[in-house]
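Shown next, in structure tokens, is the structure this report addresses.
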Amino acid sequence: MTLDEKIQMVHSYFGMDSENLKQPKGALGSAGYIAPIERLGIPAQQIVDAGMGVTNPGGIRKGDFATAMPSGPANAATWNPELAFANGATMGREAWQQGFNVLLGGGANLHRDPRNGRNFEYAGEDPLLAGIMAGQVIKGVQSEKVVSTLKHFALNDMETRRNFHDALLGEKALHESDLLAFRIAIQTGQPGSVMCSYQKTNGTYGCEHDYLLREVLKQEWAYPGYVMTDWGGGHSSAKAANAGLDQQSAGEVFDPEVYFDKPLRADLQAGRVPMARLDDMVTRILRSFIAVGALDHPPQRQPIDGPAGVANAQRIIEEGAVLLKNECSLLPLQKPRRVVVIGGHADKGVLSGGGSSRIDFTMFGGNAVPGLAPTSWPGPVVYLAAAPLAGLKQALPQAQIDYVDGSDPAKAAALAAQADVAIVFATQWAAESVDLPDMELPDGQDALISAVAKANAKTVVVLETNSAVRMPWLKDVGAVLQAWYPGVGGGVGIARLLTGAVSPSGRLPITWPTGLDQLPRPHVPGLGFNPAMKSDDVFDYRIEGANVGYKWFASKNLTPLFPFGYGLSYTTFAYDALKVAANGNQVTATFRVRNTGQREGAAVPQLYVRLPGGHATPARLVGWSKVKLAPGQATTVTVKVEPLTLADYDVANRQWVVPAGQYTVELADSATAVVQQATVTLKPSLVK
């Protein structure tokens, strides 16, 4: 390759019109574009955002649409790796059919705070669950001959002043929390690219971080793919290139300079960047395209199978929605004669998150509720045209179903008083680039729910939220279903859950706090939608370290509103006969699961381990299984424990060490509901 051809490979252009520049010729109108090198048979790089489905806001062509998938926590809450793969395969297939070969998905940042505006793109608080579920999404994408990223590497766990803030965390804790999620995602999904993060980590920007990119990712983990910047994450040429950055993204629009063009040429000429480093950058990019089949099978524009995508989206929300409360078996609805549906624009659609992952061109049309503020970045607020009201009317043809928007709580309460059951849809919009100010439902929705519940004890609340919210009305309502951002299959899926066509099987991928006072950082300056508010520009994650989520709660003896791994069903299950065996650090657990209820359903037995010697981390998730059983059916389940979850990171020697001693393995229904214990003694060993 010539020098010009190599330089061409290592920086992309913004793929649509910007304030001062026109869309590059050949680009499809998306996040990024690199022209082909035709003499060498190297195709164009057509790069598209895809946090929850394929976005193409600048180049929607006739016939184009995309499946808006459920949010990341909904995907993780299925605890079903096969569904996560199907999620990714849907996105990969639809990307390929629209002409894209690089998909910017695969979020593995941990939920350290429910206020993080981008939680809806990620996969929960636990490194094993997040790594496996994000990794399976990536694996699914790449099965369709499309390169997937893994993002945002690393510790991009809050959005407030994300281009400037410094995330502080010690090396050992970093490896045992966020980096562990990324490592497991890489070994699961083998992503072609890793996207480095905006913020600083311990004083150094993510895309210039020699320790993270070169030493850990490429040397310690032997990652063979390429590293790209996030859009606006570029800061230098020589420093970034030598630290392990391989490709700058749309620098002509988002960065002060296209560092990987003229500045990189100058650094090569002066010897500040070795030519071998540039060759390595290009080799890594080409290798990833070859590895997933994108070089041999370039994308071709084809009709998109919309019904197949919607079916996958619906199945994910049906398995990912979490039944949090069901007093007196209020759900499933038992042939009610009169139902009132209240709020949440449930007559029009379901909520989705804002920012680069937003999709508003589905097979059902555009934004179902246009004009909601903010209408500019990171908005507009989008409701997908998948109305739960229509789904309920289809599922309950015998019932009179009325709708009221909830703007008048007294009117809503009066209608609820006359109904057999009231269903309140409550929403919380969140978006990329901004964090939520608190854990409250906005716009007086708590008062609305309280008024309705006072009028009718048979009140069901369906939550469409970014993450956990405060529930001051919880004791007064009969049932609560957490539907996250449910995607374009949400209208029908929610109706099928409420009416019992399917039994809920989602389990929380997060710990649900009672309020801000239970968080490691109850008060964080500068959070919210007011950019004038001052921020400290530091997020000190050293407070909890590797004890994220349920580990923090256990270490501080805090009782959450709902624990990690929790979720109800319309049937009941029993677990017993736990046996644990070890061969070196390969630990295997077997146990029996029985459906002790009257309906078919899916159990999610979980395995946690307590390490020997009064370990600083009280317990760790080490494995799980999702088991679908008919009434009265029983089965024996075998789970292989992930060895990394048994190990500690040895900073001095940069290796994972399984300590010698007795380990207590817990068979549980959630992080706080242990059913049975067994012990196993392990000898010291290394995990490669």
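The values are calculated or read from the model by the stated rules, or taken from the named source; none is laboratory data. These figures come from a predicted structure and were not determined experimentally. All Cβ positions, even for glycine, are placed from backbone atoms using ideal geometry, and neighbour counts span all protein chains on display. To get the accessible areas, we keep the full protein, side chains included, count just its heavy atoms, and leave off ligands, DNA and RNA. Shrake-Rupley method; radii C 1.70, N 1.55, O 1.52, S 1.80 Å.
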### Task
Being more than 30 Å from Ser143 (Cβ to Cβ) and surrounded by 18 or more Cβ atoms within 10 Å (Cβ to Cβ) is the filter here, so list the residues in the stretch 289-329 that pass it.
Leu323, Leu324, Lys325, Asn326
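Determine which member of the set Val382, Val369 is crowded, with 24+ Cβ neighbours inside 10 Å, free of Cβ contacts under 8 Å to residues at least 40 places away in the same chain and within 30 Å of Phe65 (Cα to Cα). It would help to see each step written out before you state the result.
On the way: Val369 fails: crowded, with 24+ Cβ neighbours inside 10 Å.
Of Val382, Val369, the one residue that is crowded, with 24+ Cβ neighbours inside 10 Å, free of Cβ contacts under 8 Å to residues at least 40 places away in the same chain and within 30 Å of Phe65 (Cα to Cα) is Val382.
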#### Entry: Enumeration of residues in the stretch 5-18 that are open to solvent by 10 Å² or more (accessible area, probe 1.4 Å), more than 15 Å from Val102 (Cα to Cα) and either free of Cβ contacts under 8 Å to residues at least 60 places away in the same chain or not in a loop (DSSP other than H, G, I, E, B) (or both)
Glu5, Lys6, Gln8, Met16, Asp17
### Query
Would you call Lys139 of a type in the set (D, E, K, R) and open to solvent by 10 Å² or more (accessible area, probe 1.4 Å)?
yes
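Tell me which strands (runs of 3 or more DSSP E) are completely within the stretch 582-688 and hold 2 or more residues being touching a Ser or Thr at 6+ places or on another chain (Cβ under 9 Å) and under 25 Å from Glu125 (Cβ atoms), or say none if there are none. It would help to see each step written out before you state the result.
Details: elements: 586-595, 601-603, 606-610, 620-624, 627-629, 634-640, 648-650, 655-658, 661-670, 673-682, 685-687.
Counting at least 2 such residues, we get 586-595, 601-603, 606-610, 620-624, 634-640, 655-658, 661-670.
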### Message
Take the residues in the stretch 555-566 that are in contact (Cβ under 8 Å) with a residue 40 or more places away in the chain and either at positive phi or not in a loop (DSSP other than H, G, I, E, B) (or both); name whichever of them is surrounded by the fewest Cβ atoms within 10 Å (Cβ to Cβ).
### Response
Ser555
## Note on the structure
Taking the stretch 602-616 and the residues there that are more than 24 Å from the chain's Cα centre (by Cα) and farther than 15 Å from Gln677 by Cβ, the one that is modelled with the lowest pLDDT would be Gly614
### Task
Might you let me know whether the stretch 418-440 holds any residue that is under 30 Å from Trp377 (Cβ atoms) and touching a His at 6+ places or on another chain (Cβ under 9 Å)?
yes
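Can you tell me which residue in the stretch 409-434 is most open to solvent (accessible area, probe 1.4 Å), limited to those that are more than 30 Å from Arg358 (Cα to Cα) and within 36 Å of the chain's Cα centre (by Cα)? Full working, then the answer.
Of the residues in the stretch 409-434, the ones more than 30 Å from Arg358 (Cα to Cα) are 409-422.
Now drop any that are not within 36 Å of the chain's Cα centre (by Cα), which leaves 409, 412-413, 416, 421-422.
Values: Pro409: 46, Ala412: 0, Ala413: 17, Ala416: 0, Val421: 5, Ala422: 0 Å².
Ranking the qualifying residues of the stretch 409-434, first place goes to Pro409.
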### Message
Here is a list: Glu82, Glu38. Which entry is open to solvent by 10 Å² or more (accessible area, probe 1.4 Å), closer than 30 Å to Tyr566 by Cα and acidic (Asp, Glu)?
### Response
Glu82
### Query
Within the stretch 465-486, which residues are touching a Ser or Thr at 6+ places or on another chain (Cβ under 9 Å), open to solvent by less than 10 Å² (accessible area, probe 1.4 Å) and not in a loop (DSSP other than H, G, I, E, B)?
Ala479, Gln482
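Looking at the stretch 20-35, which of the residues that are in contact with a strand residue (DSSP E or B) (Cβ under 8 Å, 6 or more places away or on another chain) and open to solvent by 40 Å² or more (accessible area, probe 1.4 Å) is nearest to Leu384 (Cα to Cα)?
Gln23
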## Note on the structure
For Asp64, the lone unmet condition from (1) in contact with a strand residue (DSSP E or B) (Cβ under 7 Å, 6 or more places away or on another chain); (2) part of a loop (DSSP other than H, G, I, E, B); (3) open to solvent by 10 Å² or more (accessible area, probe 1.4 Å) is (1)
### Message
Given the condition at pLDDT 95 or above, part of a helix (DSSP H, G or I) and in contact with an Asp or Glu (Cβ under 8 Å, 6 or more places away or on another chain), answer yes or no: does some residue in the stretch 100-112 qualify?
### Response
no
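Would you call Ala76 open to solvent by 10 Å² or more (accessible area, probe 1.4 Å) and either in a loop (DSSP other than H, G, I, E, B) or under 30 Å from Ala430 (Cβ atoms) (or both)? Walk me through how you get there before you give the answer.
Values: open to solvent by 10 Å² or more (accessible area, probe 1.4 Å): no; either in a loop (DSSP other than H, G, I, E, B) or under 30 Å from Ala430 (Cβ atoms) (or both): yes.
No: the conditions fail for Ala76.
Please tell me if Val452 is over 20 Å from Ser71 (Cα atoms), in contact with a helix residue (DSSP H, G or I) (Cβ under 9 Å, 6 or more places away or on another chain), open to solvent by less than 10 Å² (accessible area, probe 1.4 Å) and not charged (D, E, K, R).
Working: over 20 Å from Ser71 (Cα atoms): yes; in contact with a helix residue (DSSP H, G or I) (Cβ under 9 Å, 6 or more places away or on another chain): yes; open to solvent by less than 10 Å² (accessible area, probe 1.4 Å): yes; not charged (D, E, K, R): yes.
Judged against the criteria, Val452 is a match.
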### Task
Could you list all residues from the stretch 199-214 that are open to solvent by 10 Å² or more (accessible area, probe 1.4 Å) and either of a type in the set (Phe, Trp, Tyr) or in contact with a His (Cβ under 9 Å, 6 or more places away or on another chain) (or both)?
Lys200, Asn202, Tyr205, Glu208, Tyr211
### Message
Of everything in the stretch 163-189, what is out of contact with any Leu (no Cβ under 7 Å at 6 or more places or on another chain) and closer than 18 Å to Thr229 by Cα? Give them in sequence order.
### Response
Asn163, Phe164, His165, Asp166, Leu179
